[in-house]
Each structure stands twice: as structure tokens, then as C-alpha cells.
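Taken together, the values in this text are just the output of simple stated rules run on the coordinates, not laboratory data. For clarity, every value in this text was computed on a predicted model and none was experimentally measured. All Cβ positions, glycine included, derive from the backbone under ideal geometry; neighbour counts span all protein chains shown.
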Amino acid sequence: MRTAGAIDCDIHPAVPSLKALLPYFDDHWRDMLVHRGVHDLDTVAYPLRVPLSARPDWRPAAGKPGADLDQLRTQALDGFGLSAAICNVLYGVTVLFSEDMAAAYARAVNDWLAAEWLDRDPRLRGSIVVPIQNAELAVEEIERRAADRRFVQVLLPAMHDLPLGRRAHWPIYAAAERHGLAIGIHAGSAYRHPVTPVGWPSYYTEDYAAQAAGLQTSLTSLVCEGVFGRFPNLRVVLIESGFTWLPAYMWRLHKYWRGLRMEIPWVDRPPPEIIRHQVRLTLQPVDGPPNEADLMRVIEQMGSEELLLFSTDWPHWQFDGDGALPPALPEALARRIMLDNPRATYARLQECVA
């Protein structure tokens, strides 16, 4: 098995239902949610019945894709021979207008993940879900969960009310850097603003394709607002963004930085150098050309073998069978992507993965 021993940097356990989450709320919020009849916060990023939400052979006979730990073990952990996997729970915490309710949901989701998944399989690691609506509350949740070393990053959506580089978010980055946590930016949105710069699209296909552009915009914001200069030890992982856009993107950003650098003097290094040092991207979905030679050429144009992190995106449908790794990858590069790069990116993984 070519992926034996790999660290999967993007799997998606699903909260089965609000009922399953209720035990992890305090009494006040449990009563509030029951009496107000609040419904499940299923993310609209992955409609339950859309084919992309689960491969046919990974889709359960009943219930949500990704909600069964035994299926995760069979299909992903054992199926790919993984040594570890990072759980990114895509639950609709970020869509709430109430900051207090969002904080309550984030606490419940993190406690549910720890008890129902991390406690039950030592190969699993977690991402801290935070209420990005309020940086102070987000930092409180990071501080509350940071002592659990099984949590290795803070999870943010690609698109919310403000660009991710804005100073309103900086306390989140400071807390993450302080605790040795990466920032994982996953495709997704608060869905209060259009996911395209020209308005709302009509179809899910348009939404999903637009996520890559949203992640590019977030990366530009982080670079130009000076986040990486202020937090030099911070690592940012773009999750489910694709990666073949990166060479042309870096060339363009570098060109305009050279002409406009007087506007942002705190960006004192070329943007490609910053990105190669502090940013990583998950492998799936591979959005490259089908020709193996062309795909390898794109990877070479990225200018670093340290940028890509192995991922399967379980249970979402990004490839057939066991083809999580493009066959064109040389063995040395495949090992970097599967093991060396994840361990170097997530400091806490070095404590548990040999």
C-alpha cells in the first residue's frame, strides 16, 4: 500500500444530529436549543445528497456520510494504512449571527469530537472549531482546548464577514502561535455574502469552484495585511483549495508587490518566499492536468517540495479507489507529502507520530 504510514491532514467526521450534540452543551444552552426548536446546523458546503459529499462505496446505508467511526477506521485509517489523521468538523458554527450561540456550539462540537472520536482511536487528531464571529470568544475556546495536545490546529472558514488578514482576527493567530497550533483555512463560508465577487451563483457547481478563488483571496489578505510578519512562527494550511493555481498566483502577487510595495512596507520579503515558508496546502482535491508530466511540471513550478500535505478528504469524493496519491509522484516526494511535511507543519504531531 503506497500510502502506508501516511498522515491524513483532512478528514471530516460528521455530527450525526443535534440530539447527539446536546449532551455537550451546558444546561442553559441545552434548554435554549430544545425549547426554541433549533435545527441541525448542517453545513451547506456539502449538501448531504450531492455525490461529492460521499463516494458511493463510502456512503452509509442510513445517516450522514462521515458519522460512523467504524466506517472511518475501515475506509480511511485502515483502508489507507494511515498512522494519523486530522479531523476537521464542518458544522455550521460560522453561519450563526449570535456570537454567544456560536461559542456554545463551538464548545460542544470540540467536546463531542474529543469524546466520541479522539478518545476512541489513538490515531486521530483534531482541529479546534472556534466562533470566528468574535475573536475574544474564539481565543477563549482556543485557551480552553489547547491543553489537549491531540488538537493540532484552529479551523477557520475561507470566507466570512471580514478578510482573514484583518487585525480583528489577529488575537486568534496570536493564540494559535502561542500554543503551537497551525491555522487551518477550509473551503467554506458564512453564506451571508456572495461566494463570488460578482454576486450569488445559481448552482452548487459554481459555488464549489469559487472556493479556490476565496482561498486565494484569503491568502492575499494574510500576506498583504502583514500577518506572517507579525506571527513569524505561525503555519497556515489551505485545506481543500486545490494547488495548481499557486505558481501563477505567486508570480502575479510578486509582480504587483514589487510595483506597490511602498503601500505595504511591512511585507519586507517577496510574497512567494513568505508563502513557501509559512503556508501549506492539502493534496486533495488534485486539480491538475491528467497528463502526469504536466502535473509534475506544475509541482516543480511551485518551487518547494515542502508545500503539499497528504489528505484524502474522507468521506468526500475526490478520487476513485485508493488513488489518493497521483501516480506521477516520485517515491521521495510522495514520502515528503505523506509524512515529512505534515510532521514539520503540525508541531504537535511530532509528539505522537514516529
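Per DSSP helix of 4 or more residues, -39500 (n - 2.57); summed, then divided by the residues of the chain. What does that give at 222 nm, rounded to the nearest 500?
Calculated at 222 nm, the ellipticity per residue is -10000 deg cm²/dmol.
Compute the distance from the alpha-carbon center of the stretch 296-354 to that of the stretch 139-203, in whole Å.
22 Å
Please give me the summed charge of the neighbours of Asp322: other residues whose Cβ is under 14 Å from its Cβ, Lys and Arg +1, Asp and Glu -1. Mind dumping the intermediate values first?
Working: positive: Arg2, Arg55; negative: Asp8, Asp57, Asp78, Asp313, Asp320.
It works out to a net charge of -3.
May I ask you to derive the FRET efficiency for Arg73 and Trp251 from their Cβ-Cβ distance with R0 = 41 Å, giving the value to the nearest 0.05?
0.45
When Lys and Arg each count +1 and Asp and Glu each count -1, what net charge do the other residues less than 13 Å away from Asp100, Cβ to Cβ, add up to?
Here the count lands on -4.
If I stretch the segment between Met32 and Arg297 completely, what's the gain in nm (0.36 nm per residue apart, minus their alpha carbon distance), one decimal?
89.9 nm
Relative to the present Cα-Cα distance, how much length would full extension add between Trp266 and Asp57 at 0.36 nm per residue of separation?
The Trp266-Asp57 span can extend by a further 70.3 nm.
Cα centroid distance between the stretch 1-74 and the stretch 223-258, in Å?
Distance between centres, Cα-based: 31 Å.
What is the P(r) of the chain, as percent of Cα-Cα pairs per 20 Å bin from 0?
Reading the bins upward from 0: 31, 61, 8.
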